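The values are calculated or read from the model by the stated rules, or taken from the named source; none is laboratory data. Bear in mind that the values here come from a model prediction, so they are computed numbers and not experimental data. For neighbour counting, all protein chains shown are included, and Cβ atoms are generated from backbone atoms with ideal geometry for every residue, glycine included. Heads up: the accessible areas ignore ligands, DNA and RNA and are worked out on the full protein's heavy atoms, side chains in. Shrake-Rupley method; radii C 1.70, N 1.55, O 1.52, S 1.80 Å.
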Amino acid sequence: MPPCSTVILGTGSYAPERVLTNAELSRMVDTSDEWIVTRSGIRERRIAAANESTSDMGVQAARRALADAKLTAADIDLLVVATVTPDLQMPAAACFIQQKLGLPGAAACFDVNAACSGFIYALDTACAMLSSGRYRRALVVGVEKLSSIVDWKDRTTCVLFGDGAGAVVVGTTDQPDVGLIGTRLGMISDSVDLLCIPNGGSNAPATPASIAAGSHFLKMKGKEVFKLAVRGMDEAARDILEHHHLRADQIALVIPHQANLRIIEAISQYLELPMERFFVNVDRYGNTSAASIPIALDEARRGGRIKAGDLTLLVAFGAGLTYGSALIRW
Ligand code: UT7
């Protein structure tokens, strides 16, 4: 079977009901609304209920994406879930989402872990599998319950992250120049310890001492990550534009990973593209890692920010340190 193009047929997103404001955070740790807004642009974030799992949120976003595509679970034969906070370490969050959505038993289901770049990695994986001709329609979900891995006593990280989910339905098309035009994926070496969870993996299983020390929570060297995030996202954006012989001003809307408003503003300056061409919702959700781009994509579509024929650039950066970009023509 010859390779074919892939196209996004529907989008959906979900944010938990509970809103955690900067004012509330300033009563939990030594911080202030002014510090958080100035350094990150974040005003509030959503926090999942204690009994609301990663897969529960993923299911909500997936249902909305299926409804948008006017398809049902029976139409899906591939599910790829980007997350660093699966319900359990094993099996994959995709297995729980498969079960709750009632996807066909023959659907392939697995997780991808590329942290905040995870959705672009998952999208690329799903599109490559669809292009092979061996799958017909895919659900790609980016979902995180970061509140479960954040140390709520550590002001340098707890103010930055939130929970949520986004999803897209992907299919194939005969139409030329529509859909996923290309991707670029990569990683900056020697930076694995800048953003990680030190204990709880096979190399350093959790012990009573590691738990008492809080080493099973996310740790980040924020300043170093900030610099590399700007470099990685700028390079990922430039490389994909160059590869496809495009100028930045041909991009109608950039959907960047929502980690920090200052990072997005720096990319806007480097690409010499005004902030009006960047979708921003970090103020309302904080950093939702793999969920950030699909939530933003869904909000941009539903808000009328993406029109037929538009070129959209997705660009992300995350733990690893991984980076990725994708170009989509609508
Ligand atoms: O998803 C991809 C991965 N994540 C990122 O992209 C995040 C990248 N990094 C960042 O966004 C920024 O580095 C942060 C928002 C995390 C921090 O901003 P910064 O301008 O780099 O601040 P800083 O870490 O240099 O901290 C400045 C000061 C320090 O105090 P001293 O040493 O100057 O006295 C911190 O202790 O701010 C202090 N600080 C805080 N103060 C109030 C750190 N966190 C807080 C806080 N509230 N929450």
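Some observations on this one:
- Fraction of beta bridges assigned by DSSP in segment 6-172 that are antiparallel (%, nearest 5): 65 percent
- Only protein atoms count toward the accessible area here, which uses a 1.4 Å probe; on the chain, the carbon and sulfur part of that area reaches 52 percent.
- Net charge in the neighbourhood of C95 (other residues with Cβ under 15 Å of its Cβ; Lys, Arg +1, Asp, Glu -1) is -2.
- Secondary-structure-derived ellipticity at 222 nm for the chain, considering helices only, amounts to -10000 deg cm²/dmol, per-run term -39500 (n - 2.57) for DSSP H runs with n ≥ 4.
- In plain terms, the chain from L246 to R134 could stretch by 37.2 nm, reckoned as 0.36 nm per residue minus the Cα-Cα distance.
- Under 5 Å from the amide H of T172 lie the amide H atoms of V7, each residue being 5 or more positions distant or on a separate chain, with H modelled from the backbone and absent for Pro and chain starts.
- Extension gain from A206 to W35, taking 0.36 nm per residue of separation minus the Cα-Cα distance: 58.2 nm
- Members of K145/K221; K145/K219; K100/K153; K153/K221; K153/K227 lying beyond 23 Å, as alpha-carbon distances in this model show: K100/K153; K153/K227
- Per residue, the accessible area of the chain comes to 43 Å², computed with a 1.4 Å probe over protein heavy atoms only.
- Rel. contact order, % - alpha carbon contacts under 8 angstrom, at least six apart, segment 179-329: 37 percent
- Charge dipole magnitude, Cβ of K and R +1, D and E -1 - the chain, Cα centre, debye nearest 20: 280 debye
- Here the Karplus relation 6.51 cos²θ - 1.76 cosθ + 1.60, evaluated at θ = phi - 60°, turns the backbone of segment 73-80 into coupling constants of 4, 5, 7, 9, 10, 8, 10, 10 Hz, with x for every Gly and Pro.
- The order of the peptides 237-248, 84-95, 67-78, 8-19 by mean Cβ neighbours within 10 Å, most packed first, is 8-19, 84-95, 67-78, 237-248.
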